[in-house]
Amino acid sequence: MQSLHISRYIGKTLRRLAPLVALASLGLAATATAQGPSSAVFSVQEDWELVVGDPDPLSNAPQVTCVISPVGNVDSLHAAFELNHQTEPAYEAGGLQLQVWEGEEHLNTKWFPEHNQLATSDEVVQWTQQLVLAGGELTFEVTSGESTTWGSFGGKLRTTVGSTLANLNDYDPEVSVANSGVGFAGNRVVSLVLKRVRWYAADGTILVEDNTLRVVHQHQ
C-alpha cells in the first residue's frame, strides 16, 4: 500500500534524479498513535534502524530520508535526515545530511564528512534522531549512529535554531513515520523501522518510553 502522505524531501530527491522514479511503498505499523506524556517535554529521541539488502553504488541506491518535527506537522519547523544521498544545495551521491526547514524555507544544513555510498549487502544502519529545547533554542541532532559504510556518525550532525516553543508536547512520532521513507530503490532495502521513542523532562528525566515498532518500509 502506498502512503497517502509522502514527504516533500523524498519527492525533491526524486525530481533531482534522472530519470524520475516512483516512491517505494510505505507500510505503516498497525498500531494506535502513542500518547505523549502529560508533563512538559523538553527533549525527544527516536531510535531508527535501516536494514539494507543489496545496495548498488553505481546507481546510488538505495536512498532514504527520515523526518522529525517538534510541532506535529511538517508545515513549519522540522528536520530531514538524508542517508546515502544529499540534496542541499544540489544533489550528491552518498553520504549523510541533516537539513532544517521552516515550512518551505531552508534554514540550515549539516554534512557528515565521509561521503561514502552504501555498498555492503545486509548492512544494518542504526541511529537516534533527537530534539532538545532549551533557552529559546531548538537543537536537531543525529546521535549514536553506527554503520559499516560511515562508521560511527553520532554527534557530527547537529544544528540549533531559535524557537518560541514553550515545550515539545506537540511532537508526534506518527508524523515522523508518515513523512519518512525510501525515496529510491525500495527493492534494495529490507526494512526501515522507527523502533523506539523517548520523551524527557527539562532535567533529563525520562517521562515516557514507547517501544512500538513503527514500520515505515518493508520489502516483501
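Filter the stretch 54-82 for residues that are charged (D, E, K, R) and assigned to a loop (DSSP other than H, G, I, E, B); which is surrounded by the most Cβ atoms within 10 Å (Cβ to Cβ)? Steps first, answer last, please.
Here is the first cut: in the stretch 54-82, the residues charged (D, E, K, R) are 54, 56, 75, 82.
Now restrict to residues that are assigned to a loop (DSSP other than H, G, I, E, B): 54, 75.
Values: Asp54: 15, Asp75: 12.
Step by step, filter the stretch 54-82, then rank; the result is Asp54.
Which residues, counting only those in the stretch 85-96, are touching a residue at least 60 places away in the same chain (Cβ under 8 Å) and outside any loop (DSSP other than H, G, I, E, B)?
His85, Leu96
Would you confirm whether any residue within the stretch 188-195 is closer than 14 Å to Leu50 by Cβ, basic (Lys, Arg) and modelled with pLDDT of 95 or more? Give the derivation first.
Filtering the stretch 188-195 for residues closer than 14 Å to Leu50 by Cβ gives 188-195.
From what's left, basic (Lys, Arg): 188, 195.
Cutting the leftovers down to modelled with pLDDT of 95 or more gives us 188, 195.
Yes, the stretch 188-195 contains a residue that is closer than 14 Å to Leu50 by Cβ, basic (Lys, Arg) and modelled with pLDDT of 95 or more.
Test each condition in (1) surrounded by 16 or more Cβ atoms within 10 Å (Cβ to Cβ); (2) of a type outside the set (Val, Ile, Thr); (3) within 14 Å of Gln63 (Cα to Cα); (4) touching a helix residue (DSSP H, G or I) at 6+ places or on another chain (Cβ under 8 Å) for Leu96 and report the one that comes out false.
Looking at each condition in turn, Leu96 falls short on (4).
Pairs under 7 Å by beta carbon, first residue closer than 18 Å to Ser43 by Cβ in the stretch 136-156, partner of a type in the set (D, E, K, R), six or more apart or different chains?
Close Cβ pairs satisfying both conditions: Thr139/Arg158; Glu141/Arg158.
Can you name the number of the only condition in (1) over 27 Å from Gly94 (Cβ atoms); (2) among the hydroxyl-bearing types (Ser, Thr, Tyr); (3) in a strand (DSSP E or B) that Thr212 fails?
That leaves (3) as the condition not met.
When you go through (1) closer than 21 Å to Gly94 by Cα; (2) in contact with an Asp or Glu (Cβ under 6 Å, 6 or more places away or on another chain); (3) hydrophobic (A, V, I, L, M, F, W, C) one by one for Phe184, which number turns out not to apply?
(2)
Is it the case that the stretch 168-175 has a residue that's crowded, with 21+ Cβ neighbours inside 10 Å, farther than 23 Å from Thr87 by Cβ and more than 16 Å from the chain's Cα centre (by Cα)?
The answer is yes, given that some residue of the stretch 168-175 is crowded, with 21+ Cβ neighbours inside 10 Å, farther than 23 Å from Thr87 by Cβ and more than 16 Å from the chain's Cα centre (by Cα).
For residues that are within 18 Å of Pro62 (Cα to Cα) and charged (D, E, K, R), scanning just the stretch 102-141, find the one that is surrounded by the fewest Cβ atoms within 10 Å (Cβ to Cβ).
Asp122
Return a yes/no flag: does the stretch 142-158 have any residue that is among the polar types (S, T, N, Q) and not in a strand (DSSP E or B). Don't jump to the end; show me each part of the working.
Residues of the stretch 142-158 that are among the polar types (S, T, N, Q), as a first pass: 143-144, 147-149, 152.
Next cut, not in a strand (DSSP E or B) only: 148-149.
Scanning the stretch 142-158 turns up at least one residue that is among the polar types (S, T, N, Q) and not in a strand (DSSP E or B).
Anything in the stretch 142-167 that is crowded, with 21+ Cβ neighbours inside 10 Å and out of contact with any Asp or Glu (no Cβ under 9 Å at 6 or more places or on another chain)? List them, or say none.
Scanning the stretch 142-167 gives Val142, Gly145.
The values are calculated or read from the model by the stated rules, or taken from the named source; none is laboratory data. Just so it is clear, the structure is predicted and the values come from calculations on it, not from any experiment. In this analysis, Cβ positions are derived from the backbone assuming ideal geometry, glycine residues included, and neighbour counts consider all displayed protein chains.
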